[in-house]
2 protein chains.
Amino acid sequence: MKRMMIFNCKQLAEKELKKIPKDKPLSLGIIQIGKDDVSDIFINEKKKAAQKADFSFNHYKFPETIPLDELERQIKSFPDDGLIIQLPIPDNFPTQEVLNMIPFEKDVDCLSETSLGKLYTDELDILPPVVGAVDKIIKNKKIELKGKVLAVVGPGRLVGKPTLLYGLSKKATVFSIDENTENKKELIKRADLVVTGVGRPGLITPEMIKKGALVIDAGTSKKNGKIVGDVREEVAEKATLTPVPGGVGPLTVVSLLDNLVKRSS
Amino acid sequence: MKRMMIFNCKQLAEKELKKIPKDKPLSLGIIQIGKDDVSDIFINEKKKAAQKADFSFNHYKFPETIPLDELERQIKSFPDDGLIIQLPIPDNFPTQEVLNMIPFEKDVDCLSETSLGKLYTDELDILPPVVGAVDKIIKNKKIELKGKVLAVVGPGRLVGKPTLLYGLSKKATVFSIDENTENKKELIKRADLVVTGVGRPGLITPEMIKKGALVIDAGTSKKNGKIVGDVREEVAEKATLTPVPGGVGPLTVVSLLDNLVKRSS
């Protein structure tokens, strides 16, 4: 049996969760519009983590018939220190416009235009939660990104793009790879760090990965009723791999709480 | 003598300038803080282009002793349809904070946080002027970026980063290359489009470039008293090259005027 190098994200998440100061009573609010089974799971994860950190947690549910101005009025009235819009929201809502309703100082998810503008200019005081998770893993593995190759597979708004900007800020050489890329395998194989957020099971196979690389799987999709990532498990025979589920997810939640503390201090 | 493939940016700029509608009296204002010889040249280029398009042009000069709040009060009072902060501004000013003083609807340079947030989310209605120049060149050459390799050399705020996001929006495979990148030559040689904005004369040599590629030189530095780009002229023997000066510069100015028109319509 081969040794599998699965990075223990849960253990790191527990450790990081314990580091969160509890001297201030803080409150996290999550806004949900409409119904979504997967969202319920994610919201519950955030709730559990918030409770472990002794924070208050409010779950605000709205029907998909709520008018936009009423939604905004309500969001502005919530007293929580941090507010999150749980994505996805129903198609009849303009996603970015709704994300922009979160006041900057409460935007612990870093998805409003103001936060993203500051992310672009390197002037954001917190990290987007997924990037915070990537950062925790990299720091734990004592990796210095400067001059290293970071391959971002799937340049989406939630995972790929912020990770790409993070790589630039760390002076990494960044490759952005999507479904149209020629020679995908050979390019990904040059990477010291691979971050994938596509949502296609089995997309990343062992022959695409350099021995000893770090592979962070931030893709999620459902296969046979189970949540799975983008990366085949056998990759862990030659590289360090974060699992799905129980990988980037729990660390992302801790990063969210980090952001709540940083913004309130 | 070898045939040199120098892309005629000036001719394209003249053609594009003629396309700008003149049915509305528009006004462009440029704000200059302190003194800078190179800035004077660039401001003059913008003034000449604005006048060719029959737009009004205001040049607002401030001493480097102006208090920040007074600067903001003045900027908010200017009646122009588009406003630009001429960069660089003196070191004692917080550059981004000053750029954020430009109201979004007048921010034809796309450098305020609000504009950059929208650029990130692909919801900006105009292109950052340098990207507008790149876009005009690509369209003129009838290049479809999807699946092509774009190498961005120098991931800076004014050229590299916006070009990188533009490449992503066009579904290109993007490489971000900086001074720490290993195998620079081999990576750049894979690119169908190279955009460089480093400011180091002679950085890009012919052996780094694929035959038939398009090389857009957006680097500017001074060498022996002359403005020069990043790319050696011999590159034009095997690839299409935009010259410096008289390359991206004039097209960037036209893109600025495009933005002024789009925002005012």
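Here are some notes:
- Here the range A:202-219 is the region considered, the condition is being over 18 Å from the mean Cα position of the chain (by Cα) and either without any contact (Cβ under 8 Å) to a residue 12 or more places away in the chain or part of a loop (DSSP other than H, G, I, E, B) (or both), and the residue that is nearest to A:T242 (Cα to Cα) is A:A213.
- Given (1) surrounded by 14 or more Cβ atoms within 10 Å (Cβ to Cβ); (2) β-branched (V, I, T); (3) out of contact with any Ser or Thr (no Cβ under 6 Å at 6 or more places or on another chain), index of the condition B:I102 fails: (3)
- Exclusive hit being of a type in the set (K, R), in contact with a helix residue (DSSP H, G or I) (Cβ under 9 Å, 6 or more places away or on another chain) and facing chain A (nearest Cβ under 8 Å), set B:K189, B:K171, B:K185, B:K161: B:K161
- Residue in the range B:13-37 that is farthest from B:G249 (Cα to Cα), counting only those that are of a type in the set (V, I, T) and in contact (Cβ under 8 Å) with a residue 60 or more places away in the chain: B:I33
- Condition check for A:E72: out of contact with any helix residue (DSSP H, G or I) (no Cβ under 7 Å at 6 or more places or on another chain), among the acidic types (D, E) and within 11 Å of another protein chain (Cβ to nearest Cβ): no
- Test result for B:G132, away from chain A (no Cβ under 13 Å) and within 14 Å of the chain's Cα centre (by Cα): yes
- Lone qualifier among B:K61, B:K35 - being modelled with pLDDT under 95 and closer than 26 Å to B:F93 by Cβ: B:K35
- Condition met for B:L257 (closer than 30 Å to B:P79 by Cβ and either under 19 Å from the mean Cα position of the chain (by Cα) or surrounded by fewer than 22 Cβ atoms within 10 Å (Cβ to Cβ) (or both)): yes
The values are calculated or read from the model by the stated rules, or taken from the named source; none is laboratory data. What you see is a predicted model, and the numbers here were worked out from it, not measured in a lab. Every residue, glycine among them, receives a Cβ derived from its backbone with ideal geometry; neighbour counts consider all protein chains shown.
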